Structure formats: structure tokens, C-alpha cells
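Q: I have a structure I would like to understand better, so I am pasting it below and will then ask my questions one at a time.
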Amino acid sequence: MDKTIQLRVRKEIDNRSELKVLKLKGTLISKGFTQIIHIADQDEDFYLNSFSTSPDCKKQAEDFVLDYISSHDLGDTISLLSPVK
């Protein structure tokens, strides 16, 4: 069964951060972690981005996201949420 990974993304961000977020999403798809990323409103400040990945790739995908957030200085823009039960 696929595992869902959720990201919380700030709505109000500058253009440079927006490009970094788009690159993250594109890289998740191109690396084969997922085929589609779903976007929904969480509240007036954040979007919820979620995607499903195979159980074998879940830890690798989470580690990739955390490394990307850290290396691209996106800690105030994106956060990895706890797994969906």
C-alpha cells in the first residue's frame, strides 16, 4: 500500500522561494517518488501538498525533502508534516 507524505507550504512567498518550491515538486516527480502532487488549502496562510509513494521509497522521499528544505533555506516556507495514519 502506498504511503502519503504531506508538506505544508506557506502561501505568501517571494518569487525566488516559489521557484525553489516548484523545483522541489518537479524533482520529486522526476526522481520517481510520485507521479502527482495534490494541493489543497489548509488555511489562509498555508497550502497542504500531499503525494503518495511506495513504502520502499517513503523514508528516502522524506529524507530528500528534509535535505532540500535545509540546503535551499526553505525552513520558513515548507515543513514536512507527520505521517497520515
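Q: Would you mind stating whether Asp43 is open to solvent by 50 Å² or more (accessible area, probe 1.4 Å) and free of Cβ contacts under 8 Å to residues at least 24 places away in the same chain?
A: Numbers: open to solvent by 50 Å² or more (accessible area, probe 1.4 Å): yes; free of Cβ contacts under 8 Å to residues at least 24 places away in the same chain: yes.
Spelling it out, Asp43 is indeed open to solvent by 50 Å² or more (accessible area, probe 1.4 Å) and free of Cβ contacts under 8 Å to residues at least 24 places away in the same chain.
Q: Quick check on the range 46-85: of everything there that is hydrophobic (A, V, I, L, M, F, W, C) and over 12 Å from the mean Cα position of the chain (by Cα), which residue is most open to solvent (accessible area, probe 1.4 Å)?
A: That would be Val84.
Q: How many residues does the range 14-35 contain that are among the β-branched types (Val, Ile, Thr), farther than 15 Å from Leu48 by Cα and open to solvent by less than 50 Å² (accessible area, probe 1.4 Å)?
A: The total comes to 2.
Q: Pick out, from the chain, the strands (runs of 3 or more DSSP E) lying fully within it that include 3 or more residues that are touching a strand residue (DSSP E or B) at 6+ places or on another chain (Cβ under 8 Å) and not β-branched (Val, Ile, Thr).
A: On the way: elements: 3-10, 38-41, 46-53, 78-80.
Here the list reads 3-10, 38-41, 46-53.
The values are calculated or read from the model by the stated rules, or taken from the named source; none is laboratory data. Quantities reported herein were computed from a predicted structural model and do not represent experimental measurements. Counting neighbours? That spans all protein chains shown, and the Cβs are built from the backbone with ideal geometry, glycine included. Surface areas here come from the heavy atoms of the whole protein model, side chains and all, with no ligands, DNA or RNA. Shrake-Rupley method; radii C 1.70, N 1.55, O 1.52, S 1.80 Å.
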